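Peer 1: Before I ask anything, let me first share the structure, which is written out below as structure tokens.
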Amino acid sequence: RGKAGTVASMRADTGDYLAALQTEVAQAKKAGGTVTEQAARLNKSAKLNAFKRMQDYAALEPQNVLNALQDADRAR
């Protein structure tokens, strides 16, 4: 589906995204509200929107956010 990436690009495209997602989810949880309200705040996150350049971001982001919010609830 394309040429293989480097470890650095994979880290930037995946590792950095997941770290940003965790940080933003923690902040959304701290701010409170319903899951829908938290997801809406995350959708507006400048840190997460910086990753829109990633392939399939638009299709995967809603489920990634929901999964991360649910995981944060389970961790409590």
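The values are calculated or read from the model by the stated rules, or taken from the named source; none is laboratory data. If you're wondering where the values come from, they're calculated on a predicted model, not measured in any experiment. Please note: Cβ atoms are built from the backbone with ideal geometry, for glycine as well, and neighbour counts cover all protein chains shown. In case anyone asks, the SASA skips ligands and DNA or RNA and just uses the protein heavy atoms, side chains included. Shrake-Rupley method; radii C 1.70, N 1.55, O 1.52, S 1.80 Å.
Peer 1: Probe of 1.4 angstrom, ligands and nucleic acids ignored: what's the accessible area per residue over the chain, in square angstrom? Walk me through the numbers before you get to the answer.
Peer 2: On the way: 5550 Å² over 76 residues.
Each residue of the chain exposes 73 Å² on average to a 1.4 Å probe.
Peer 1: I need the Kirkwood Rh of the chain: take the reciprocal of the average 1/r across all distinct C-alpha pairs and report it in angstrom. Numbers along the way, then the final one.
Peer 2: Values: mean 1/r = 0.0764 Å⁻¹.
Here the Kirkwood hydrodynamic radius works out to 13.1 Å.
Peer 1: Moving to a separate point now. Where does the chain land at 222 nm, in deg cm²/dmol rounded to the nearest 500, when only DSSP H runs of n ≥ 4 count, each adding -39500 (n - 2.57), divided by all residues?
Peer 2: Working: 5 runs with 52 residues, N = 76.
Mean residue ellipticity, 222 nm, calculated: -20500 deg cm²/dmol.
Peer 1: Share of the chain's accessible area from carbon and sulfur, percent, 1.4 Å?
Peer 2: On the way: 3060 of 5550 Å².
Accessible surface attributable to carbon and sulfur in the chain totals 55 percent.
Peer 1: Next question, about the same structure. Of the trypsin sites (Lys or Arg not before Pro) in the stretch 13-55, which ones lie in a loop per DSSP and count no more than 11 other C-beta atoms within 10 Å? Please list the in-between numbers first.
Peer 2: Working: sites: 29, 30, 41, 44, 47, 52, 53; in loops: 44, 52, 53.
When the trypsin sites (Lys or Arg not before Pro) of the stretch 13-55 are filtered for loop state and at most 11 Cβ neighbours within 10 Å, 44, 52, 53 remain.
Peer 1: Please report the relative contact order for the chain, taking Cα pairs under 8 Å with a sequence separation of at least 6, and give it as a percent rounded to a whole number. Display every interim value, and only then the final one.
Peer 2: Numbers: 38 pairs, mean separation 26.6, N = 76.
Relative contact order, the chain: 35 percent.
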